[in-house]
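As structure tokens, the structure follows; a few thoughts come after it.
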């Protein structure tokens, strides 16, 4: 079982009622195995509170077993495509949407082919990219964080440390929350403030085609589009 699907979709409130299926499902699959999982699980549980259309479902595909450590973005895209074709995973190729979540920092210096990767994803799917990493998007959930911790500090976020890691966003998030985002599942509770993140994300670069050299995220933009979607059935 390469993926485990997390959803809170209530298909049948009682045995007497007709089973209802979602008209459209948004599937998120993430490069990170922990932090993003903590977050999207919480976001999924907030689906009704966020006013998402009752016939739209959000699901998280969690990598399992030997596939859990697939992290290189190109490999993740290939893996997602295989899962879409697996009938047991319930992906409707005509209606459902796949959102592939990954970090952009690896493309700053080390890895080539970013533009080609985005182009290949956008043929059928959606790329959700944060630069340097997902922790940046989480910082945006804290009211006033853009003004205090991002504006004027962009170069620090995109500067690798002595180990070649882009750790500034992780360190800022740790300072603000007291939580290790990679191990503490409570970090997912930041999703309660997703509307704040959506608002503040508009103050940074959201165009993933102009990612390199820019502190960037379009995760909030994608979530906002899901919240605002009106189905024409």
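The values are calculated or read from the model by the stated rules, or taken from the named source; none is laboratory data. Source: prediction; values computed, not measured. Cβ sites come from the backbone with ideal geometry, for glycine too, and all protein chains shown count toward neighbours.
Summary of computed values
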{"read-out": "Count of the stretch 186-208 residues which are exposed (fewer than 15 other Cβ atoms within 10 Å of the Cβ) and over 22 Å from residue 143 (Cβ atoms)", "value": "1"}
{"read-out": "Residue 129 vs. criteria touching a helix residue (DSSP H, G or I) at 6+ places or on another chain (Cβ under 9 Å), over 25 Å from residue 9 (Cβ atoms) and surrounded by fewer than 20 Cβ atoms within 10 Å (Cβ to Cβ)", "value": "no"}
{"read-out": "Residue among 142, 187, 121, 150 that alone is in contact (Cβ under 8 Å) with a residue 12 or more places away in the chain and touching a strand residue (DSSP E or B) at 6+ places or on another chain (Cβ under 7 Å)", "value": "121"}
{"read-out": "In the stretch 87-98, the residues that are surrounded by 13 or more Cβ atoms within 10 Å (Cβ to Cβ) and outside any helix (DSSP H, G or I)", "value": "90, 91, 92, 96, 97, 98"}
{"read-out": "Test: residue in the stretch 14-34 that is modelled with pLDDT under 90, within 30 Å of residue 196 (Cβ to Cβ) and assigned to a strand (DSSP E or B)", "value": "no"}
{"read-out": "Some residue of the stretch 44-67 being modelled with pLDDT under 95, touching a helix residue (DSSP H, G or I) at 6+ places or on another chain (Cβ under 9 Å) and assigned to a helix (DSSP H, G or I)", "value": "yes"}
{"read-out": "Subset tally (residues that are more than 16 Å from residue 58 (Cβ to Cβ) and in contact (Cβ under 8 Å) with a residue 24 or more places away in the chain) for the stretch 206-229", "value": "10"}
{"read-out": "Candidate set: the stretch 165-183, residues that are surrounded by fewer than 16 Cβ atoms within 10 Å (Cβ to Cβ), out of contact with any helix residue (DSSP H, G or I) (no Cβ under 8 Å at 6 or more places or on another chain) and free of Cβ contacts under 8 Å to residues at least 12 places away in the same chain; chosen: the one farthest from residue 143 (Cα to Cα)", "value": "165"}
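Residue-wise test of (1) under 17 Å from the mean Cα position of the chain (by Cα); (2) over 21 Å from residue 224 (Cβ atoms).
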| site | (1), (2) |
| --- | --- |
| 125 | yes, no |
| 135 | yes, no |
| 146 | no, no |
| 161 | no, yes |
| 167 | no, yes |
| 196 | yes, no |
